[in-house]
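The structure appears below as structure tokens.
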Amino acid sequence: MHITYTFTTKNKHQYDRSHRFTHVLTQNVGVLLRVDRHVENCIEEYLSCKHLNFEQYLYFLTHEVLAEADDGSTPYGELKKHHDTLEHNFWLLGRGTVLNRHFPVFSEEAVFKLFRMFCLLADRSPARKSLLQVTLNIVEVREVTRQLITSLGREWDIRDFTQLATSISCFTFPVFLAFLEGRYAQDTESPALEKAVDEVYKNFVEQVLKQGKVYQRVSWAPIWVKREIELRPWALVASSHKVKARSAVLAKVVGLARVYLTPSATVHNIPDEPGVRPCRFTLCLESNKLVQLAATDHRSKSEWLRALDAAIHHSKQTLPYQAIMSTVRKNEHAEEEAREIAERIRRDSQADIIENTQAELMAEKLARAQAEAAVREETAARQAEEKRVLELQTLRRQLETLLEEETQAKRDEEIVRNLQARVLREEWERREELERLQEDQRRMLEEETKKRQAFELQQEEKDSQLREAEKRLRKLESERLRLDHELRSAREKIIMSERGKELLEARMKVKERTPPVRTYSLRPIRKERGTPPVRSSSFNVHAARLFKFRSKNEDTNDNGNGNSNGTVESN
């Protein structure tokens, strides 16, 4: 999974879709894990940029969601139900791309079980710079294939597997599925495949270490009850019994049972004694409760003892038992490869030493070397002939496989033709329904068009009324400007007359006085000047606030005539 947030105009739709998918996926994970809070709302707080890759999203899930269900010390037996639920929902998200393949052999249920095994055993590896690829190690492919072939009752051929598997670079899930279907699942009945896949699924995913029939002794009476028991690392489960209970007490005793295992539990072997049931062994639990069991034979007894020891040892492990065994198998394979490389290097070095020491003897053994070369050529020719025969046999098997595929393709074509006819009928019915919906929408569109036309008429009427009101306002504004101009002219005349009167009075006072010692200015000082009259206007202030707009020519005339308050200054 690779999640990227990029919020631009070009890919805004892709960002919204990825954002919604991440929120829905996080919400589903929180609901499946029974987290009380809304963890999907924490993504926005967690994001420090508009990009979120897989590693960052996995870190967010680990610390914000998965930490609510597991603090790192919970045994796997308690976490298995969460694993089952999550992988089932992830299968629902991605099964469309897996099930859509040519000539399928496994059923959908079998593919789901193989998917669960792949998720348990696969590893993440970087395929390219910005892509993570989940692949299955060749060791795990070999183990799964071996158990599947053994469950089908066939003989396991390690050379054939190595010859085919080494030519494949990486085993992704589609490649792994095609490998099993193309090589090992052909010419096999479907019930047999389903049964074999179910057995392998129980071994890997359900963690069934041992399954079989054993005898269990009833605690209150010397009675041995034959039961079908499954051994898992955390519990010993008795799934069924075949005893006809004659009373309610006996039915309760031999009913379904589940014995939980802990590291403090112990298993003990009991030697056979004459007169008692053979192949006995006991399981002592942590509560000192003793469970007495008996196998059907000595081989089964050894297998049960070994499986019980492994289950008790891994009863409190936080990882699945098969995941731990997968790590062990991978380490062993890596050590084996390292030993082979070291042995090859050692052999090469020894060959060089031998070649150097025997260089002087090559001339004497030339005839023998020529004879050996002739023998080798004959051997090579015989091997080439055997290889040619093997190729012809392989070609014959391939031709037989192609014939079977062609027959299956014809049957599938007939099925597809029937399905297409049914789909065509459904599409025709859907088309008639869409035509009825289109007619309803057309009728509704006509009604909306009529409503819009009526609204446009009303809008035009209101616009005409608005234009009339604007004309009246402009007329009133021009009238007000004219009256302001007349008022300013009258005020100027009044001011000029007052100034002439003051000047005349000053001259009369000068004539009446004696000749002055100093000459005073006839111009009145600032204190003697009267306060300029306050402008009065007949224009309604309320109307001026309501109609604030004024034409450009009127503003220019107003600014040229005087101050906005109507006050005329004198020099």
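The values are calculated or read from the model by the stated rules, or taken from the named source; none is laboratory data. The model shown is predicted, which means the values in this text are computed figures rather than measured ones. Glycine also receives a Cβ, built like all others from the backbone with ideal geometry; neighbour counts cover every protein chain displayed. Surface areas here come from the heavy atoms of the whole protein model, side chains and all, with no ligands, DNA or RNA. Shrake-Rupley method; radii C 1.70, N 1.55, O 1.52, S 1.80 Å.
The table that follows gives values for the structure above.
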item	result
Which listed residue is touching a Phe, Trp or Tyr at 6+ places or on another chain (Cβ under 8 Å), of a type in the set (D, E) and over 30 Å from P104 (Cβ atoms), from D412, D484	D484
Test set (1) under 41 Å from the mean Cα position of the chain (by Cα); (2) under 30 Å from G182 (Cβ atoms) - L403 fails condition number	(1)
Given (1) surrounded by fewer than 18 Cβ atoms within 10 Å (Cβ to Cβ); (2) out of contact with any strand residue (DSSP E or B) (no Cβ under 7 Å at 6 or more places or on another chain), number of the condition V134 does not satisfy	(2)
Single unsatisfied condition, E40 versus (1) at pLDDT 75 or above; (2) touching a His at 6+ places or on another chain (Cβ under 6 Å)	(1)
The lone exception for N100 - which of (1) in contact with an Asp or Glu (Cβ under 7 Å, 6 or more places away or on another chain); (2) open to solvent by 20 Å² or more (accessible area, probe 1.4 Å) it fails	(1)
Residues satisfying the stated conditions in segment 264-290, i.e. under 14 Å from Q216 (Cβ atoms) and open to solvent by 70 Å² or more (accessible area, probe 1.4 Å)	R277, K289, L290
Evaluation of E391 against (1) open to solvent by less than 100 Å² (accessible area, probe 1.4 Å); (2) under 30 Å from V139 (Cα atoms); (3) modelled with pLDDT under 90 (one fails), failing number	(3)
Search result, residues across segment 259-281 that are in contact (Cβ under 8 Å) with a residue 40 or more places away in the chain and of a type outside the set (S, T, Y)	L261, P263, A265, V267, R277
Residues of segment 170-189 that turn out to be out of contact with any Ser or Thr (no Cβ under 9 Å at 6 or more places or on another chain) and either of a type in the set (S, T, Y) or open to solvent by 20 Å² or more (accessible area, probe 1.4 Å) (or both), as a count	3
